[in-house]
Amino acid sequence: METVILAVVIAVVVLGALGGLIVGSRRRKPLPPPPPKAPDITAPPAEPHVGDEAETPRDEPRRTIEEVDLPGGPAPVVVEEPPVVEAPEIEIPEPTAGRLVRLRTRLSRSQNALGKGLLTLLSREHLDEDTWEEIEDTLLTADVGVQPTQELVERLRERVRVLGTRTPEELRGLLREELLKLIGTDVDRTVRTEPEDRKPGIVMVVGVNGTGKTTTTGKLARVLVADGRSVVLGAADTFRAAAADQLQTWGERVGAYTVRGPEAGDPASVAFDAVKEGKEMGVDVVLIDTAGRLHTKTGLMDELGKVKRVVEKHAPLDEVLLVLDATTGQNGLVQARVFAEVVDITGIVLTKLDGTAKGGIVIAVQRELGVPVKLVGLGEGADDLAPFEPEAFVDALIGE
């Protein structure tokens, strides 16, 4: 029994000693540092979501649905008005009465080859055969033509022989009389635009490329408007680029309506529509500008004849005006012959008669076609187309 008690005591002592050793070793070993404390982080304000306000809601007075004014109907539709396009300003053309007299300075540029040359030769004391040959050459150089030149020289020879002594004034009067006889003062040069039994008058303008045909048609519209006529323009030149635009611009300047068709379209159709439109509008005159056809191309000339026939389904043509470039001289007579075979030319318009043109072409072309020169173009200005007046023309050629 005592042995058991002794063993228990020894076991208790041993256990106590072991426990003290363990505690002591723990006190000697440093403990690990405590983990760092997490910093206080302030959360950012939450981003607003769809339907949320971008800031913290505040207490605000709110209205009930009964207090809210609702629109009475759909919101008004705002219609933008198109930009206002200003109509071109209508010009008042210069009156045609006496226009050629006012343009005498430009016309007199042609006098050097004809008028002054003849007066100088006729003023010589002795008019021998050589002098008369020089007079003949002067007339031919001025595009008077062979037959008219021979007639004029023969008459001058006879008048000078009878006259004897010759003062400058007598020579000028003599030459003036003979030139007026060749040109003709008793010919009706009125552009026929007022048929007695109907309206409108119908005028067709023909000519080759480069003679100023479309420009002449536009200027003729100004001449007619200046004389108190109303005009419709037919842009039947459908083959030349921008020809219809050019003619329409001329018409807008004086308030004339322009009938046009598609580019490269049928010219006869445009001409037909122009006359039809002119009838419906009740205008005085319809001017038809045709294509500038080369007189050497038979097919194109045949088409010009077709335009004439189609127009005459409405009414007969009152005028067919042939536009010739005065600077081409005798070459213009070839063109005149061919056009006269296709359409019945009733009048001639000579353009570019100022500057280098020779005034004798007026005599030659009238003699060739047997139709009068009715209008002359004396420059690039809008009102430089003038009715032809023989007296003013001759006075400009021989000077004062």
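The values are calculated or read from the model by the stated rules, or taken from the named source; none is laboratory data. The model shown is predicted, which means the values in this text are computed figures rather than measured ones. Every residue, glycine as well, gets a Cβ built from its backbone with ideal geometry; the counts of neighbours run over all protein chains shown. When the accessible area is computed, the model is the full protein with side chains, heavy atoms only, and any ligands, DNA or RNA have been set aside. Shrake-Rupley method; radii C 1.70, N 1.55, O 1.52, S 1.80 Å.
Could you work out Rg/(2.2 N^0.38 Å) for the range 223-281, with Rg from alpha carbons only? Before the final figure, lay out the partial values.
On the way: Rg = 11.4 Å, N = 59, 2.2 N^0.38 = 10.4 Å.
Rg over 2.2 N^0.38 Å, computed on Cα atoms: 1.10.
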Please give the length that would be gained between residue 14 and residue 150 if that part of the chain were fully extended, namely 0.36 nm times their separation in residues minus their C-alpha to C-alpha distance (nm, one decimal). 31.7 nm
Find how much the distance from residue 169 to residue 280 grows on full extension, using 0.36 nm per residue of separation minus their present alpha carbon separation; answer in nm with one decimal. 34.3 nm
Using a 1.4 Å probe and ignoring any ligands, DNA or RNA, find the accessible area of residue 284 and quote it in Å² to the nearest 10. 40
Expressed per residue, the solvent accessible area of the range 196-350 in Å² (1.4 Å probe) is about 38
Read phi for every residue in the range 130-145 and hand back ³J(HN,Hα) as whole Hz from Karplus 6.51 cos²θ - 1.76 cosθ + 1.60, θ = phi - 60°, with x for Gly and Pro. 4, 5, 5, 5, 5, 4, 4, 4, 4, 5, 5, 5, 7, 6, 6, x
Peptide ranges 268-275, 310-317 listed from the most packed, as the mean C-beta count within 10 angstrom indicates: 268-275, 310-317
Local net charge near residue 214, Cβ-Cβ under 11 Å (Lys/Arg +1, Asp/Glu -1): 0
Assuming 0.36 nm per residue, please report the length gained on full extension of the stretch residue 331 to residue 134 beyond their Cα-Cα distance. 68.6 nm
Whole-Å distance linking the alpha carbon centroid of the range 183-209 with that of the range 146-175 is 34
With each pseudo-label sitting 7 Å past Cα toward Cβ, what's the residue 391-residue 306 distance in nm, one decimal? 4.8
Checking the table 199/352; 276/352; 181/219; 219/352; 181/374; 276/306 against a 25 Å threshold on Cα-Cα, which pairs fail? 199/352; 276/352; 181/219
Computed about the Cα centre, the charge dipole of the range 125-272 from +1 Lys/Arg and -1 Asp/Glu charges at the Cβ has a magnitude in debye, to the nearest 20, of 1100
